[in-house]
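What follows is one structure encoded as structure tokens, with my remarks underneath.
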Amino acid sequence: MSFKTLGVVAVSVLAFSFAARAAPYLLVDASTGETLLQNEATVPWYPASLTKLMTTYVALDAVRQGRLTMDTPLTMSFRAARMPASKMAFEPGTEVTLDNALKMLMVKSPNDVAVMVAESISGSVESFADEMNAAAQRLGMRESHFVNPNGLHDPAHYSSARDMAILARALLTEFPEDVSLFDIGALQLGDQIIANHNGLLGHYPGADGMKTGFTCSSGFNVVASATHDGRKLIAVVLGNPSPRERNLEAAALFERGFADNTRGPKLEDLPASAQTQPKDMRGDICSRRNAAAVAAGEEDMMKILPQPKPAAAAVARGKAAGPVAVAAVEATPQPLLLAEPIRFDPVPVFVGPKPGWTGPVLAARPAAGPPSDATAYTTASVPSAAEASQSAPLALQGAVKPPAPPAAKPPQVKKVAKLMPHRLKPRVKKAGGV
């Protein structure tokens, strides 16, 4: 994608300073793993929907192991369907191929689909979380512990900017054939167009992935990648008070990194933080006094951009930048952002098996009830309507409905047996659709 002929604007926010930011951020060279800028990169933090990058990693690793294929249909369980928004709201028993499910995860970030992926691959959310933690340990993600596949808030579910950068590098380097998952600007499901919440895509020249995340406890997070002149950088920004500031900070990190080649320590050499508990941002992000920031919404990221000044534009594009220090840097003009974003051709997705599929259909392992050690999704911990609304992406909060109450009577044994076995016999199905 070429941006040379497009009009751009420079966003000047004189008060902006990386040094003033208490929350973590990190910029790393994707090819070498060397840090270029960082602050509190090893402090534990609630990742929110950045978790779905690890869900995707475990799923792709399962494909690599031959446990399933990208065309294998997965089944929506009753448990998955009860997840709060953001969600696709598929009925229990709905089948979606792994390829389509991962595309949905990266664009709309549906919590129900994340559970569907987890249960279909590992049999249960808890078993999948074990696989997530095993993968994290194998990758050297020292500050991470996962209890669910979607990032819904749990005090025992956390990560760090460093660990998210390690995970992003692993996805890009271990699965190069699947990098197109992370730069999808929009999906088309039937007549519905679903836009990506990543406000850097189409707005920042060279942005090509990866994932956003938000809960009241985490603030606005993003793992983003961008490529200029063959050089790819990964930025991680955690705990921002609004999606607009999150995107501007990530773009500012990219600009400083592309303008200077100063290198810092590698990700694995960053020292551990003395802080052992994640900060809960709920009071700062979702308090009444900050309601305006929460209500701004992902779609408001580019409102009221000032017109550029030539000098600022030159610095922003790296024509006159000084040395870049690892850790805090001084205030700088904000980078170039496109006033009129690039429009993406939506990528089609569908519900149902791929035409001609004759292999197995995967589903959750049958269980009489939640496992004794389940903490994330037991009936008692299903979020209330208000909590679900606060945890949903802003553009969807108005559509959040209270979670369905437990059924008065258990489903018929015959129906459960049909929907929930972990491995079903191979069968031929007609082409599915919406």
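The values are calculated or read from the model by the stated rules, or taken from the named source; none is laboratory data. Predicted, not measured: the structure shown is a model, and the values here were computed from it. Cβ sites come from the backbone with ideal geometry, for glycine too, and all protein chains shown count toward neighbours.
Where helices (runs of 4 or more DSSP H) sit wholly within the stretch 80-153, those with at least 1 residues that are touching a Gly at 6+ places or on another chain (Cβ under 9 Å) and modelled with pLDDT of 95 or more occupy 98-107, 111-122. When residue 36 is tested against (1) under 17 Å from residue 167 (Cβ atoms); (2) in contact with a Lys or Arg (Cβ under 8 Å, 6 or more places away or on another chain); (3) crowded, with 23+ Cβ neighbours inside 10 Å, only condition (1) is not met. For the stretch 75-105, a tally of residues being buried (at least 22 other Cβ atoms within 10 Å of the Cβ) and within 18 Å of residue 60 (Cβ to Cβ) returns 9.
Checking each residue in the stretch 40-79 for being outside any helix (DSSP H, G or I), out of contact with any Gly (no Cβ under 8 Å at 6 or more places or on another chain) and aliphatic (A, V, I, L, M) picks out 41, 43, 68, 70, 74.
Filtered by the rule that a residue be of a type in the set (A, V, I, L, M, F, W, C) and buried (at least 24 other Cβ atoms within 10 Å of the Cβ), the stretch 202-232 gives 207, 210, 214, 220, 222, 223, 224, 226. When restricted to residues that are buried (at least 23 other Cβ atoms within 10 Å of the Cβ), touching a residue at least 60 places away in the same chain (Cβ under 8 Å) and touching a Lys or Arg at 6+ places or on another chain (Cβ under 8 Å), the stretch 112-123 contains 4.
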